[in-house]
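Take a look at the structure set out below.
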Amino acid sequence: MSRVTARRPTLRISPTGTVRRPDTLAVEEPLEIRTRGESLAVTMRTPGADIDLVHGFLFSEGIITSAEDIVTARYCAGTDENGQNTYNVLDVQLRNPVPVTPRNFLTNSSCGLCGKTALDEVRTRTRYPLPEGVPLLEVDTLAKLPDELRSRQQVFDATGGLHAAGLFTVDGAALAVREDVGRHNAVDKVIGWALREGRLPAHDLVLMVSGRASFELVQKAVMAGVPVLGAVSAPSSLAVDLAADSGLTLVGFLRGASMNVYSSAERLAL
């Protein structure tokens, strides 16, 4: 079994009776990000594309501004009870070292603070203000992105338990799709890919996510200069406020030909 999926025993109950059988599940393991050997952050993620994840996370948090800010990123030695390397600790050497404590991450900076403070935090840290009214995206193209994203969710097909995020061109071509148990991790992975590929700011791309649009997903899109964010499910109120404040086109309940546009509808060609 791969590190992405695992088998666990289960009791299946249905109208036809019960049966005991193994079920395929998405793997969830911690990834500790270290710098100079000291712990910077820990996130629960599905193993895979960890280098992209770290790049995207550190960029979204304003710790790095380019791929060149990471000199090296390598797994630390560490074994489980069977003597196997866990590959769950990445030590990052930064070109410009940062103090590891205390860290005020954007993803949790709103805890205990008002919504205005959270919006101000993003406004002061983003490097890529979004251009007004561009790119122009055909609504018919946007409507196809959920199916395009879903068709590339190979691990979801096996487990039914993963979120996905994808970066698409305005013509609907998929550039990068990543899956993870955490929706924010999936977004960090595609943003990290874009950073390493020299595609930031992503002013000509569309970010599509498989679930809801939370504040932190809008924050990551804004930090990366992504002008359009589409979500299959609902946004939160603070996500809409941040999108409107930043000039990001936020689309929720994107299912088939129907959708709700919550901000900057001028980027969509009806």
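Here is how the numbers come out for the structure above:
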| item | result |
| --- | --- |
| Qualifying residue in region 24-39 (condition: loosely packed, with under 12 Cβ neighbours inside 10 Å and among the aliphatic types (A, V, I, L, M)) | no |
| In region 241-270, the residues that are touching a Phe, Trp or Tyr at 6+ places or on another chain (Cβ under 7 Å) and more than 17 Å from Glu132 (Cα to Cα) | Gly252, Met259, Asn260 |
| Pair list, Cβ under 6 Å, 6 or more apart: region 80-107 residue farther than 20 Å from Arg45 by Cβ and surrounded by fewer than 14 Cβ atoms within 10 Å (Cβ to Cβ), other residue at pLDDT 65 or above and charged (D, E, K, R) | Arg95/Asp69 |
| Near pairs, Cβ below 9 angstrom, 6+ apart or cross-chain, from region 186-215 (closer than 18 Å to Leu145 by Cα and acidic (Asp, Glu)) to any residue that is surrounded by fewer than 24 Cβ atoms within 10 Å (Cβ to Cβ) and at pLDDT 95 or above | Asp204/Thr169; Asp204/Val170 |
| Subset tally (residues that are touching a helix residue (DSSP H, G or I) at 6+ places or on another chain (Cβ under 6 Å), in a loop (DSSP other than H, G, I, E, B) and over 17 Å from Gly256 (Cα atoms)) for region 215-235 | 1 |
| Residue in region 103-126 that is in contact with a Lys or Arg (Cβ under 9 Å, 6 or more places away or on another chain) and at pLDDT 80 or above present | no |
| 1 or more residues without any contact (Cβ under 8 Å) to a residue 40 or more places away in the chain and closer than 23 Å to Glu179 by Cα: qualifying strands (runs of 3 or more DSSP E) within region 1-68 | 5-14, 17-26, 38-45 |
| Identity of the residue in region 233-258, of a type in the set (A, V, I, L, M) and more than 22 Å from His203 (Cα to Cα), that ends up surrounded by the most Cβ atoms within 10 Å (Cβ to Cβ) | Leu238 |
| Region 125-183, subset crowded, with 18+ Cβ neighbours inside 10 Å and among the polar types (S, T, N, Q), residue nearest to Glu266 (Cα to Cα) | Thr141 |
| Some residue of region 240-249 being in contact (Cβ under 8 Å) with a residue 60 or more places away in the chain and within 17 Å of Arg183 (Cα to Cα) | no |
| Single residue of region 66-79 satisfying the filter (hydroxyl-bearing (Ser, Thr, Tyr) and at pLDDT 65 or above) that is farthest from Thr46 (Cα to Cα) | Ser66 |
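Yes/no matrix, rows are residues, columns are (1) within 14 Å of the chain's Cα centre (by Cα); (2) within 11 Å of Ser210 (Cα to Cα); (3) part of a helix (DSSP H, G or I):
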| site | (1), (2), (3) |
| --- | --- |
| Val134 | no, no, no |
| Leu149 | yes, yes, yes |
| Gly166 | yes, yes, no |
| Ala176 | yes, no, no |
| Val190 | yes, no, yes |
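The values are calculated or read from the model by the stated rules, or taken from the named source; none is laboratory data. Here the structure is a predicted model, which is why all the values come from computation and not from measurement. Glycine also receives a Cβ, built like all others from the backbone with ideal geometry; neighbour counts cover every protein chain displayed.
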